[in-house]
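Only the coordinates and a few stated rules stand behind these numbers; no lab work does. Nothing here was measured: the structure is a model prediction, and the numbers come from that model. FYI the Cβ positions are ideal-geometry reconstructions off the backbone, even for glycines, and counts take in every protein chain you see.
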Amino acid sequence: MTQGCARGFGASTTSLSQVLDSVAIVSDSGQAHPPLTPSQESTLALLRRSGEPLVFSEAFVAGLRDEANEALAHFADRLNGNTMFITKHTLGSLFDCEAHFLAPDEFEWTPARAKGQVSHRAIQLLINWRGDAVPVDLVDDAIGRLINEERGLGGWLDTLDAADQADLRAQSCDLVTKFMECFPPLDPRSRPVTESSTQWPVDGLILLRGRSDLTIGRPVGRESRKLIVDLKSGRQVQRHREDLRFYAVVETLSRQVPPRLLASFYLDAAQAVTEDVTEGLLRSALRRTLDGINALIEIKFEGRPAKRTPGASCRWCPISADCPEGQIYLHAEDDLDN
Ligand code: SF4
């Protein structure tokens, strides 16, 4: 039993595992779905609910919200009217290296950087597609829709020459194809939602915002049934886990029912890495969030010098040439490579 959570809430309702079972084998047209691949089977096994229903106590959730409300009120007094949007990127970048976080943002789109957003948009279409979906069609449709939005990525996509478009299409098709091969097919009855935004509180100087790649399921009363999934290319890093824990906190503060399970799905490795949501996880994720907001106020508004923390982010840090700590780290990395 998860610490502090009640399991054993009436057994008569349809469990998410039952839903996921049906998801896997029935298409929306009612036709039998092709047999699952081994990686789809193993992913389904990891995401499937087992044991008794999970219900967090009302007092625990209320206590978490009270703690967050109290802390945000305290932080707001130190902001002198400034506002803050706190996302997983804010916290991840800040904890990687405060000096890098404050450095001018020299971000530029490239096909390799854009493939994540394009493929996520294509997967969003896939999940709501009727009939057989072909990865390249989904990707082309996603690119067209992003261009029509004429902001951010869309503006850049509209300027691409034929070769860069082909490059982006190839990289995005690779991710979409992997998702189709490795992730269990999703039935609308399991309430799959892509790019779902969550925010807490509704208004104020400090807002916490999450946007998860995929959620599956929904709470039933106070019973936690929702899965939050982030799709990842590349290798597993601790920050992915922290990102999901942040989503879980924002979900709990706003919806008042914690999610059941967090999963990073690694498309290259065709593997899900999951973590159960517990009271301890939510408490420590809220603590990390509040520590991050405190650090942000200190370095942005209260004059504390930003700490320099050498690490992987030195490789793409715009101020690395003038950072002695970063140079030592990068030279050590080069020595290792040689
Ligand atoms: S080079 Fe490394 S240590 Fe220096 S500011 Fe950049 S990320 Fe931080």
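Once you keep just the Cα pairs under 8 angstrom separated by 6 or more residues, what percentage relative contact order results for the chain? List each step's numbers first, then the result.
Working: 498 pairs, mean separation 76.4, N = 338.
Normalised by residue count, the contact order of the chain is 23 percent.
Residue separation times 0.36 nm, minus the C-alpha to C-alpha distance between D66 and D141: what's the value? Working shown, then result.
Details: separation 75, 0.36 × 75 = 27.00 nm, distance 4.43 nm.
In short, 22.6 nm is gained.
Please tell me which of these pairs span more than 23 angstrom C-alpha to C-alpha: K88/K115; K88/K307; K115/K226? Mind dumping the intermediate values first?
Working: K88/K115 20 Å; K88/K307 19 Å; K115/K226 27 Å.
With Cα atoms farther than 23 Å apart: K115/K226.
In the stretch 138-217, what trypsin sites (Lys or Arg not before Pro) fall in a loop by DSSP, with at most 13 other Cβ atoms inside 10 Å?
Values: sites: R145, R151, R169, K178, R189, R209, R211; in loops: R151.
When the trypsin sites (Lys or Arg not before Pro) of the stretch 138-217 are filtered for loop state and at most 13 Cβ neighbours within 10 Å, R151 remain.
Using a 10 Å Cβ count of at most 12 others and DSSP loop calls, identify the longest part of the chain lacking such GluC sites (Glu not before Pro).
On the way: sites that count: E106, E108, E150, E302.
The longest such stretch corresponds to 151-301.
Starting from the coordinates of the alpha-carbon atoms of the stretch 282-338, obtain the Kirkwood hydrodynamic radius over all distinct pairs and give the value in Å to one decimal. Can you show the working numbers first?
Values: mean 1/r = 0.0746 Å⁻¹.
Final number for the Kirkwood radius of the stretch 282-338 is 13.4 Å.
Over the stretch 111-182, calculate the relative contact order: mean separation of alpha carbon pairs under 8 Å at least 6 apart, over the residue count, as a percent. The partial results should precede the final answer.
On the way: 62 pairs, mean separation 31.6, N = 72.
Across the stretch 111-182, relative contact order equals 44 percent.
Tell me the label-point distance for the pair R191, E41, using the 7 Å Cα-to-Cβ offset, in nm and rounded to one decimal.
Modelled inter-label distance: 3.0 nm.
Pop out the ³J(HN,Hα) list for the stretch 82-92 in order, Karplus 6.51 cos²θ - 1.76 cosθ + 1.60 with θ = phi - 60°, rounded to Hz; leave Gly and Pro as x.
5, 10, 9, 10, 9, 10, 5, 5, 4, 5, x
How far apart, in nm, are the 7 Å Cα→Cβ label points at F301 and D158?
So the two model labels end up 3.6 nm from each other.
Within the stretch 63-111, which trypsin sites (Lys or Arg not before Pro) sit in a loop by DSSP and count at most 15 neighbouring Cβ atoms inside 10 Å? Can you show the working numbers first?
Numbers: sites: R65, R78, K88; in loops: R78.
Qualifying residues, ordered by number: R78.
In the chain, what % of DSSP beta bridges are antiparallel (nearest 5)? Kindly include the intermediate steps, with their values, before the conclusion.
Numbers: 23 of 32 bridges.
If we restrict to bridges inside the chain, about 70 percent are antiparallel.
How large is the Rg to Rh ratio of the chain when both quantities use alpha carbon positions and Rh follows Kirkwood? It would help to have the intermediate numbers written out before the result.
Values: Rg = 21.6 Å, Rh = 21.9 Å.
Rg/Rh for the chain comes to 0.98.
Just from its helices, what would the mean residue ellipticity at 222 nm be for the chain, if runs of 4 or more DSSP H residues each count -39500 (n - 2.57) and the sum is divided by every residue, rounded to the nearest 500 deg cm²/dmol? Before the final figure, lay out the partial values.
Numbers: 12 runs with 166 residues, N = 338.
Mean residue ellipticity at 222 nm (helix-derived): -16000 deg cm²/dmol.
Once the Cα gyration tensor of the stretch 225-327 is diagonalised, what are the square roots of 5 times its eigenvalues, in whole Å and ordered largest first, as equivalent ellipsoid semi-axes?
Working: eigenvalues 176, 91, 16 Å².
Over the Cα atoms of the stretch 225-327, the semi-axes work out to 30, 21, 9 Å.
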